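Data block below; observations after.
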Amino acid sequence: MTALVTKHLPLVAGAPDGIKKLRTLILELAVRGKLVPHDPSDEPIAVLLARTAAAKAALQPRGRAKAKKSPNELAGSHPYVIPSSWKWCCLADLVEVLNGRAYKKEELLEQGTPVLRVGNLFTSNHWYYSNLTLDEDRYCVPGDLLYAWSASFGPFIWTGERSIYHYHIWKLAPHSDADLSRRYLHDYLQAQTAAIKASGHGVSMTHMTKEKMEQLPVPLPPLAEQHRIVAKVDELMALCDRLEADQADAEAAHTQLVQALLDSLTQATDAADFRASWQRLSEHFHTLFTTEASIDALKQAVLQLAVMGTLVPQLAADLPAQDFLKCNKVAADEHPNLVGWATAQLGALGSVLGGATPSKANASYWIGDIPWVSPKDMKRPVIDDAEDHVSHAALEGSSLKAIPPRSILMVVRGMILAHSFPVAVTARMVTINQDMKALVPPPEIADYLLMFLQASKPAMVALVDRSSHGTCKLISEKLWSFKVSLPPLAEQHRIVAKVDELMALCDRLKAHLAEARQQHAQLATVLVEQAIAA
Amino acid sequence: MSISSSIKSIQDIMRKDVGVDGDAQRIGQLVWMLFLKIFDDREMEWELLDDNYTSPLPEQYRWRNWAANPEGMTGDELKSFIDNELFPGLQSLEKHSTTPAAYVVRGVFEDAYNYMKSGQLIRQVINKIQEGVDFNKAQERHAFGDMYEQLLRDLQNAGNAGEFYTPRPVTEFMVRMVDPKLDEKVMDPACGTGGFLTCTIEHKRERYVQTPDDERTLQASIFGVEKKPLPHLLATTNMILHGIEVPNQIKHDNTLSRPLISWGPKDRVDCIVANPPFGGMEEDGIETNFPAAFRTRETADLFLVLIMHLLKDGGRAAVVLPDGFLFGEGIKSRIKEKLLTECDLHTVVRLPNGVFNPYTGIKTNLLFFTKGRSTREVWFYEHQYPAGVKTYSKTRPMRVEEFKVEEAWWGCEADGFASREANEFAWKVSLDEIKARNWNLDCKNPHVGEQVSHDPAELLAAYAKKQDSIAQLREQLKAALAEALERDA
């Protein structure tokens, strides 16, 4: 069954968490004797075990003499089938499990011998030291095999300087140093740890005792094979490291390429440049748009193309935008390039309204059915409700203004402005808080205006001011003087329709890509499972 | 000034006092003062209705006499009065009066503590309470009830004081499904701040109380026991806020400290709704109050044994228990065996792990059972987070509407829940299966497992098919873009 994995290796490697799954597979195969060939000329395992038992007997006075299960008694508890040249042992047959010393708070100092605590094996860089001189057993030196058994747990080969290992760490000291590969044992415990973690279920390490650890079944190969396994694991893990690095590079390159090609389209200098850029994109379309992130970039580019007038044709029959704007008392200029288009300042397109917070002391203000919109509600493009509501009394009793449907809402203060510009259109009458502003344009242009502002998100974010304590603000002067280009009304409708069509296709593609990603992950899991179980 | 801002001002004043350390102590300080004020307001009403009314409190200890006047006692005189006269006097109130009301007041003050050290600041707090709260105004009383709930919720965030508070949506759902009738005795043997009991009171009032006689029946049917001082104090006040005139049936006691057999038939009740404390250990010796088979020191386990004992034949219960109980072995297995043989554990609602956020992320389950008949099968229901919600938090708490799905699916106990159907969140497990698993009730939703295939050939085929549809869709998108962009300029 490993053949199946080998056949589909790229598929597994490319899956979400694929390399992680491959690493698990390598370890699992290693401890089942499926990773390297067996050599019948290896010294038989029984001989090695006899030497180890003799060494253990010689060291007996060291630990407490306890009646332990002999390897034969383990017959009933073999987790899986191992090659006939291997033998199941108890951990206690191979190593002595030594407890780390529990230090009192006052014994942990700022200098002396380093005290290795569980945290230091994982995330902590903070070290304590000790001036005590202890039994040699209490120290760990490079090469020693340690096992952390508190909330974070797992085996480690110590690589640091000579230290005193703390409580919640065991040192696993081989009875016979020359007869056990510590690395092999480490890798086996690593595979076991993953299995314990994966089975979850609330079995925390507080249920793991020294006695249980000593009884842990360990499958032992002949010594020479132990070393061969370790060498092969290292080789394959190094391959995984390279694969991972390559993948990361490839992903980064892909993202950059997609953005560069889209930019060349939206920033094309003339018609010829535009045609060439589109040609390039079209040729490589299937290799470029393979991820949800790339589709998002495409969606933003479509918006930008839309408001640049490149998505639908300009028709001479359309009534110029300026006429419509003049009827609505909006000051506008003729667009320099696009026929029938006009330009105006955002603030000139309609009335501008601000927000407020009605007095929190008055409970009656806050029980009502008028949505009170704040930045946390601005996650959708159409606002028909909000988390908080106010009453009509609040409208009358405070400086809150009623904002009619088909108005444009924008966030003008808040940390979100550091990287985004939330904008939406209202589907009903609402009120807003003081971190937002509203624009009430002629209702006919509301849909196009929303799209225009969405297309302009990067430009808006560039206008944001950061104060000394980090608050982001879009000051009114900059916001309301922002230049808006408006096509004739008829063209606006055509543009909005075309954009809706393209967005719908993009969203469907994104959904399929997400499903495919899940399927891919499941496929990788199953292929790995099969390879281990075979 | 609104009640919420009164409470905020009071807490600000208390922060200036060196004796009050932390949210739990601030609430403990506030509650006994609120209690005396509330009690005084209630007395004013009783005096209007009954000319012969005499107060259970000695005159000098009544709120109206030592606290109500804003120009009254203050400073060292006030502090000394409270510590040396008021508290000792109320703690030995039985010398003055033995009415149920006196019993309640004494019970409250047994548990109360005056943390504040500054008489001046105490006077400021008292004045704020006096001007901010008129308990006899019905609307204010309701608003106050809500504010009290908020206080209790805040207490939950104040570190390990959270153990007394089960989220409201959970208690409401449990009470609703147990549906205690007007005259059924309802008990919570670990009542904490009284959440289950107040839900029961509201449930009965809404559905079954129609006359003043009914109200009296209701008041006589509510029982609670709480061992810790602060929550007992909070529960007593909570009862008064919900219209229990004299909450002397909320006892300050350790339910587990009486031998199991000492609870006789007359102690038994019709309904029990409870959330016993998890992970706690009782002191050595408590377990000897229980039969040998169930001798454990884990609090939640002892409570379950007690609850089974306290139910009348045919009595119904709903209990919150953690996953650890469902899969635990040893004595837990024996307790589960008893539960499934002597009672019909008909439903287990499995809650996600965010329900008790931020206090703890523990996974909990609601066990519904009826005493007097054996279990045939156990229905499990996996409660889902609402769409788009990954976990519960202060800004996005659990809501009682979320349980509508379970309520629609629930069916009727009278016909053995015949209308229940298995679906992606509901499944049943027979008694035999559970017995075969050594009474392990940690049954996972089988539906999820079914959907996901483990056959590589099948998965490979599905994956290839998916890639095809993606390629087709992409081609469509490319064509649509081309059509838009390749026009002659």
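Key figures
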{"quantity": "Filtered residue count, segment B:414-461, keeping only those that are farther than 22 Å from B:Leu351 by Cα, assigned to a helix (DSSP H, G or I) and within 14 Å of chain A (Cβ to nearest Cβ)", "calculated": "6"}
{"quantity": "Residues located in segment A:150-159, provided they are at pLDDT below 90 and surrounded by 13 or more Cβ atoms within 10 Å (Cβ to Cβ)", "calculated": "A:Ser150, A:Ser152, A:Phe153, A:Gly154"}
{"quantity": "Helices (runs of 4 or more DSSP H) fully within segment B:1-84 counting 3 or more residues that are within 14 Å of chain A (Cβ to nearest Cβ), open to solvent by 10 Å² or more (accessible area, probe 1.4 Å) and over 16 Å from B:Arg106 (Cα atoms)", "calculated": "B:3-15"}
{"quantity": "Exclusive hit being in contact with a helix residue (DSSP H, G or I) (Cβ under 9 Å, 6 or more places away or on another chain) and among the charged types (D, E, K, R), set A:Asp273, A:Asp246", "calculated": "A:Asp273"}
{"quantity": "Qualifying residue in segment A:275-292 (condition: more than 25 Å from the chain's Cα centre (by Cα) and modelled with pLDDT under 90)", "calculated": "no"}
{"quantity": "Options B:Pro259, B:Pro277; residue that is touching a helix residue (DSSP H, G or I) at 6+ places or on another chain (Cβ under 7 Å), at pLDDT below 90 and over 20 Å from B:Met174 (Cα atoms)", "calculated": "B:Pro259"}
{"quantity": "Candidates B:Gly372, B:Gly324, filtered to the one that is within 14 Å of chain A (Cβ to nearest Cβ) and among the small types (Gly, Ala, Ser)", "calculated": "B:Gly324"}
{"quantity": "Sole exception among (1) within 14 Å of chain B (Cβ to nearest Cβ); (2) open to solvent by less than 30 Å² (accessible area, probe 1.4 Å); (3) not β-branched (Val, Ile, Thr) for A:Pro375, by number", "calculated": "(2)"}
{"quantity": "Single residue of A:Leu400, A:Leu474, A:Leu439 found to be closer than 30 Å to A:Ala297 by Cα and in contact with a Ser or Thr (Cβ under 7 Å, 6 or more places away or on another chain)", "calculated": "A:Leu439"}
{"quantity": "Boolean, B:Tyr381 is within 30 Å of the chain's Cα centre (by Cα), away from every other protein chain (no Cβ under 14 Å) and modelled with pLDDT under 90", "calculated": "no"}
{"quantity": "Residues within segment A:109-149 that are in contact with a His (Cβ under 9 Å, 6 or more places away or on another chain) and either in a loop (DSSP other than H, G, I, E, B) or open to solvent by 60 Å² or more (accessible area, probe 1.4 Å) (or both), tallied", "calculated": "1"}
{"quantity": "Among residues of segment B:353-370, those that are in contact with a Lys or Arg (Cβ under 7 Å, 6 or more places away or on another chain) and either under 17 Å from B:Asn440 (Cα atoms) or buried (at least 18 other Cβ atoms within 10 Å of the Cβ) (or both), counted", "calculated": "2"}
{"quantity": "Cβ pairs under 9 Å, 6+ apart, first in segment A:318-339 and without any contact (Cβ under 8 Å) to a residue 60 or more places away in the chain, second open to solvent by 80 Å² or more (accessible area, probe 1.4 Å) and of a type outside the set (A, V, I, L, M, F, W, C)", "calculated": "A:Gln322/A:Asp333; A:Gln322/A:Glu334; A:Ala331/A:Gln345"}
{"quantity": "Complete set of residues in segment B:171-230 that are out of contact with any Lys or Arg (no Cβ under 6 Å at 6 or more places or on another chain) and assigned to a strand (DSSP E or B)", "calculated": "B:Val186, B:Met187, B:Asp188, B:Ile222, B:Phe223, B:Gly224, B:Glu226"}
{"quantity": "Entirely in segment A:440-534, the helices (runs of 4 or more DSSP H) that have 2 or more residues that are among the hydrophobic types (A, V, I, L, M, F, W, C) and within 13 Å of chain B (Cβ to nearest Cβ)", "calculated": "A:489-533"}
{"quantity": "Some residue of segment A:486-507 being surrounded by 18 or more Cβ atoms within 10 Å (Cβ to Cβ), under 19 Å from A:Ala321 (Cα atoms) and of a type in the set (S, T, N, Q)", "calculated": "yes"}
{"quantity": "Verdict on B:Ser80 being at pLDDT 90 or above and under 25 Å from B:Lys228 (Cα atoms)", "calculated": "no"}
{"quantity": "Residues (of a type in the set (D, E, K, R) and either in contact (Cβ under 8 Å) with a residue 24 or more places away in the chain or more than 16 Å from A:Phe421 (Cα to Cα) (or both)) located in segment A:466-485", "calculated": "A:Arg466, A:Lys473, A:Glu477, A:Lys483"}
{"quantity": "Of all residues making up segment B:371-399, the number that are open to solvent by 60 Å² or more (accessible area, probe 1.4 Å) and small (Gly, Ala, Ser)", "calculated": "2"}
{"quantity": "Evaluation of B:Ile261 against (1) farther than 26 Å from B:Gly315 by Cα; (2) among the aliphatic types (A, V, I, L, M); (3) surrounded by fewer than 20 Cβ atoms within 10 Å (Cβ to Cβ) (one fails), failing number", "calculated": "(1)"}
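Every residue, every condition in (1) out of contact with any Lys or Arg (no Cβ under 9 Å at 6 or more places or on another chain); (2) loosely packed, with under 13 Cβ neighbours inside 10 Å; (3) under 25 Å from B:Val170 (Cα atoms), yes or no:
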position: B:Glu401; (1), (2), (3): yes, yes, yes
position: B:Val405; (1), (2), (3): yes, no, yes
position: B:Trp409; (1), (2), (3): no, no, yes
position: B:Gly416; (1), (2), (3): no, no, yes
position: B:Lys465; (1), (2), (3): yes, yes, no
position: B:Glu475; (1), (2), (3): yes, yes, no
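The values are calculated or read from the model by the stated rules, or taken from the named source; none is laboratory data. Just so it is clear, the model here is predicted, and its values are computed rather than measured. Heads up, the Cβs are rebuilt from the backbone with ideal geometry, glycines too, and the neighbour counts pull from every protein chain shown. Surface accessibility is based on the protein's heavy atoms, side chains included, excluding ligands, DNA and RNA. Shrake-Rupley method; radii C 1.70, N 1.55, O 1.52, S 1.80 Å.
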